[in-house]
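What follows is calculated from the coordinates using simple rules that are stated; it is not laboratory data. This structure is a prediction, so every number in the text was calculated from the model and none was measured. Note: ideal-geometry Cβ built from the backbone for every residue, glycine included; neighbour counts use all protein chains shown.
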Protein chains: 2
Amino acid sequence: MAQLDTVSRILDTAEMLFAEKGFAETSLRTITSKAKVNLAAVNYHFGSKKALIQAVFARYLDPFSKRFNEEMDLLESRHQGQSIPLNAVLETLTTTVITMPSPTRNGLSVFMRLLGLAYTQAQGHMRRYLQEQYGSIFYRFTSMVRSASSDLPDVERFWRLHFMLGSAVFTMSSLDALKDIAEQDFNEQTRVRDVVQRLIPFVSAGMSAPIPELIPSEHQDDA
Amino acid sequence: MAQLDTVSRILDTAEMLFAEKGFAETSLRTITSKAKVNLAAVNYHFGSKKALIQAVFARYLDPFSKRFNEEMDLLESRHQGQSIPLNAVLETLTTTVITMPSPTRNGLSVFMRLLGLAYTQAQGHMRRYLQEQYGSIFYRFTSMVRSASSDLPDVERFWRLHFMLGSAVFTMSSLDALKDIAEQDFNEQTRVRDVVQRLIPFVSAGMSAPIPELIPSEHQDDA
DNA sequence: GCGTTTATCAAACGAATGTTTGAAACATAA
DNA sequence: TTATGTTTCAAACATTCGTTTGATAAACGC
């Protein structure tokens, strides 16, 4: 293994450890010792632990959102004016994820797990950062989903969009563990793209499920 | 508000704070000061912070899994021998969740967020604890899902089961935030049971989606 | 060459954490 | 009341954390 520079070694190691144990549970001392760099290196190169966490995300998400934007441009130009089917929107997202060259030395699933962590693990500053940096591209995506499912009531689509997101993020974030189980139980190797190809019809069918009638409850014990 | 005993005050406050900030990010000093009990009370009554975390889960999950087991007994006895439809299995789970009297002074959504946290936020000891304590009831549930979707190939069902789980866990874990957004955007208050009633048709449709043909890729760049 | 910037390093700092201690307060029963 | 067991409390303990410091080394421009 060729010796990378200090910054890259820190980023790779931090990414891996954050994905394994979470942000608060991973100390700078663990990171720097595993990365074989001096403890002070993190504060020297990144400024603080918070900034390191953000840098880990930025290294992946910056090129990703750039590519995803381009792919959405392409998709829209291919459908000049015509409405874009939901499946096409979803596949644009997933192929971007799958085909993007990873700036990381860790696998795709490591970063996926990280994204899942970022989503749940409140970490106030993290949510704010992701919102500020990548809110607009997320908005563009949801807008396309909206046009692709214009038959759905707004409220219904709102929730289904998050059901969809949940399936994706959750599965991706525990992908390594799940792949191991699947390979052990069914004796066949599973690739990331296989999981994604299974995910699309699932969420796609979910999005066009019949709309439920909400049954009001007689007693009102929760808001 | 009637003054509860020390143990309950600690449990309620811990549950709330854990759900808000995560486990590692919530210190015993924050918990005890908000609960208006002495710092040493946690170690006196629970032994350690880890034990407190487990106690928070046990207080909810013990009665829950007891009830859920009973409901599954009932469901099976009602379908003596006949196969149970998937929707019935899912609805048994959700009605158990919704109708269960909460041992908590916090709302259902607080605990849901906590469950989501527990699932993603690895916390080695937590995963082990949940697996040991509640693994068998989870296995019983998945077995019922299997019989209720016997037309699906095993591999396909395996992944779809986790897609389903993902939708549920993720939505529930960010339920409060999502409810706020929904209420602000659509000007109507959403109850936990409404979200669940929306979730069922979504995952149900996903489970019976057409089975995709996996397209092999020409170049093999990921495992 | 020299001067200046950039990077690495061991050591220490101050703050925050989970836990323990031993005394005080309280409750219960003989 | 006295004796005994339980609970509360302020204080301290031992670690661990992120961060800073000042010295040393390496790299670069001229």
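Of the residues making up the stretch A:172-196, those that are in contact (Cβ under 8 Å) with a residue 24 or more places away in the chain and more than 8 Å from chain B (Cβ to nearest Cβ) are A:M172, A:L175, A:D176, A:K179, A:V196. Among the residues making up the stretch B:75-110, those that are small (G, A, S) and surrounded by fewer than 17 Cβ atoms within 10 Å (Cβ to Cβ) are B:S77, B:G81, B:S83, B:A88, B:S102. The residue pairs whose first member lies in the stretch B:39-53 and is free of Cβ contacts under 8 Å to residues at least 60 places away in the same chain and aromatic (F, W, Y), whose second member is assigned to a loop (DSSP other than H, G, I, E, B) and more than 7 Å from DNA strand C (Cβ to nearest atom), and whose beta carbons are closer than 9 Å, counting only pairs six or more residues apart or on different chains, are B:Y44/B:N38. Summed over the stretch A:13-53, residues that are surrounded by 19 or more Cβ atoms within 10 Å (Cβ to Cβ) and either within 12 Å of DNA strand C (Cβ to nearest atom) or more than 14 Å from every other protein chain (Cβ to nearest Cβ) (or both) total 10. For first residues located in the stretch B:96-117 and part of a helix (DSSP H, G or I), partners that are small (G, A, S) and surrounded by fewer than 19 Cβ atoms within 10 Å (Cβ to Cβ) and lie 6+ apart or on another chain with Cβ distances below 8 Å form the pairs B:L108/B:S102; B:F111/B:S102.
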